[in-house]
Amino acid sequence: MCRMSAATGKGRTAESRTYPSRRELRYRERQNKARNRWIVVIVAVLVVAVGAAIVAVASGGGETAPTTTAFNGTTLNVVLGDYVIQGDLTAPAGNIRLQAINQGGIVHNLGIRGGPISGDMQPGKGFALDVGSLAAGTYQLYCDIPDHVAKGMVANLVIT
């Protein structure tokens, strides 16, 4: 198989092919090393960025942390367990804030009948729920997740 060169019109065989010089090979090797270094740097930056995003999501992005702002009223600490509501369930009449923490193993929320309800709380997370001004009486706290009330997740809040 002989090819004709368009410029010279002469045939070219495999034996007449020229190979890169040592100098050219060293130059190409340096270029490849430099390119590979950039690839390693880019991959490392991407790994750090993805790791940071995962940590941000895993640390509760989107969850509402218990609030520490000043509150003019009574704050009651309420513990949610799996199908139980416990804690300080007696308070004087006036503004009431329920500071709830989910110590159970599944998602829960907390509401007061005829009043507001918290967002869903993952295990280990908390939520502050301002229920407003309550007059003396007995109010029912409950978890609004389906079947949780039927399994006993209710408690009485006594306002004196």
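Restricting attention to the range 115-145 and to residues that are over 17 Å from Asp82 (Cα atoms) and free of Cβ contacts under 8 Å to residues at least 24 places away in the same chain, the residue that is surrounded by the most Cβ atoms within 10 Å (Cβ to Cβ) turns out to be Pro116. Scanning the range 146-160 for residues that are touching a strand residue (DSSP E or B) at 6+ places or on another chain (Cβ under 6 Å) and either open to solvent by 30 Å² or more (accessible area, probe 1.4 Å) or of a type in the set (S, T, N, Q) (or both) gives Val149, Val154, Asn156, Val158. Picking from residues in the range 101-114 that are of a type in the set (S, T, N, Q) and in a loop (DSSP other than H, G, I, E, B), the one that is most open to solvent (accessible area, probe 1.4 Å) is Gln103.
Listed here are the residues, each with its yes/no results for (1) under 30 Å from the mean Cα position of the chain (by Cα); (2) under 15 Å from Val154 (Cα atoms); (3) among the acidic types (Asp, Glu).
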residue	(1), (2), (3)
Glu29	no, no, yes
Ile42	yes, no, no
Phe71	yes, no, no
Pro92	no, no, no
Asn95	no, no, no
Leu98	yes, yes, no
Gly104	yes, yes, no
Leu134	no, no, no
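The values are calculated or read from the model by the stated rules, or taken from the named source; none is laboratory data. Everything quoted here is computed from the prediction, not taken from an experiment. Glycine gets a Cβ as well: all are built from the backbone with ideal geometry, and neighbour counts include every protein chain shown. Just the protein is used for accessible areas: all its heavy atoms, side chains included, with ligands, DNA and RNA removed. Shrake-Rupley method; radii C 1.70, N 1.55, O 1.52, S 1.80 Å.
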